[in-house]
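Single-structure report; data block below.
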Amino acid sequence: MSVQQEIKRLTAPDIRARKGGEPIVCLTSYHAHTARLVDRYCDVILVGDSLGMVMHGFETTVPVTLDMMILQGHAVMRGSRRALVVVDMPFGSYEQSKEQAFASCVRALKETHCGAIKLEGGRRMAETIAFLVERGVPVMGHVGLTPQSINTLGSFRAQGRDEVDWAPIEADAMAVAEAGAFSVVIEAVVVLNGPATTEKVPIPTIGIGASPACDGQILVLEDMLGLSPRVPKFVKRYGDLGPGIEAAIAGYAKDVRARVFPGREHTYEMRAKRKP
């Protein structure tokens, strides 16, 4: 008699232990069906606040709410079995105080059953990260380009183009690590900054537009599949699904208007009458 082997979901400590080892593969997902596919190949699935731009058409991630993150976190958890699922804390849900951050994170963890949360900010968020970790919240940090600060930054521009800016980025990553985060995303920084930062920081660095020297990489799924109309320079398109989807929709519309669909094979017939 065969016994089905239980699939053990990866945890924050599992990812932390990958520092300097096999590269960590990460992608975003916001739906159960994409989570099922991503889960087969990735170590971490991020339910990113990028869903505001990808799913809802917002210009930035700023309008995203905690309720939106929790709803999509539910979907991703239902669709995945193995990967560590990390839920982004949206703008305004954690910056006011350590207590506010803890309350928001507890909601996300309890209501979605995800394994960790992510929040943006380096040194300025170190005290909050330490507060959360001490109370049992696994935290993934995020430094470099922090999209939630777009109204302050002015644009989604790369960070560290001048050597004088490297030290603050490294200091942010170190502060996140020292506060107890299990990993840190480094976004849109000059490639030469990546190896030095990754070597110095004692937790896994997850690059997105950073450096191949990082301990792992992450991309927005829709960007790498060719479903986003505009993508950052750091995105490599591994698929071009947009034209194929549009062609399928056009074919469906044509068949409906021509009354070709539904055909007989797509409809239900009456049962045959039984003979007495």
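Every number in this text was worked out from the coordinates using simple rules, so none of it is lab data. This is a predicted model, so every value here is computed, not measured. All Cβ positions, glycine included, derive from the backbone under ideal geometry; neighbour counts span all protein chains shown.
Here the convex hull built on the C-alpha positions of the chain has a volume of 195 cubic angstrom per residue. Couplings 3J(HN,Hα) of region 10-23, computed from phi: 5, 10, 4, x, 4, 5, 4, 6, 7, 3, x, x, 4, x Hz, in residue order, whole Hz [Karplus 6.51 cos²θ - 1.76 cosθ + 1.60, θ = phi - 60°; x for Gly and Pro]. Sorting 232-242, 100-110, 202-212 by average packing, meaning the other beta carbons within 10 Å per residue, from highest down gives 202-212, 100-110, 232-242.
Counting only Cα atoms, region 1-65 measures 52, 35, 18 Å along its principal axes, largest extent leading.
Between Arg40, Arg257, Arg16, the GNM of the chain built on Cα springs shorter than 10 angstrom shows Arg257 fluctuating the most. Full extension of the segment from Arg78 to Glu127, taken as 0.36 nm per residue of separation minus the current Cα-Cα distance, would add 14.4 nm. Relative contact order, percent, of the chain when contacts are C-alpha pairs under 8 Å separated by at least 6 residues? Result for the chain is 16 percent. Of the GluC sites (Glu not before Pro) found in region 246-276, those that fall in a DSSP loop while having at most 15 other beta-carbon atoms within 10 Å are Glu269. Scalar couplings 3J(HN,Hα) for region 207-212, obtained by applying the Karplus form with A = 6.51, B = -1.76, C = 1.60 to θ = phi - 60°, are x, 9, x, 10, 7, x Hz; x denotes Gly and Pro. Taking only the C-alpha atoms of region 79-147, the Rg (one decimal) and the largest Cα-Cα distance, Dmax (whole number), read 11.6, 35 Å. For region 191-244, the convex hull drawn through the C-alpha positions has a volume of 65 cubic angstrom per residue. The chymotrypsin sites (Phe, Trp or Tyr not before Pro) of region 17-86 that meet both conditions, a loop assignment by DSSP and at most 14 other Cβ atoms within 10 Å of the site Cβ, are Tyr41.
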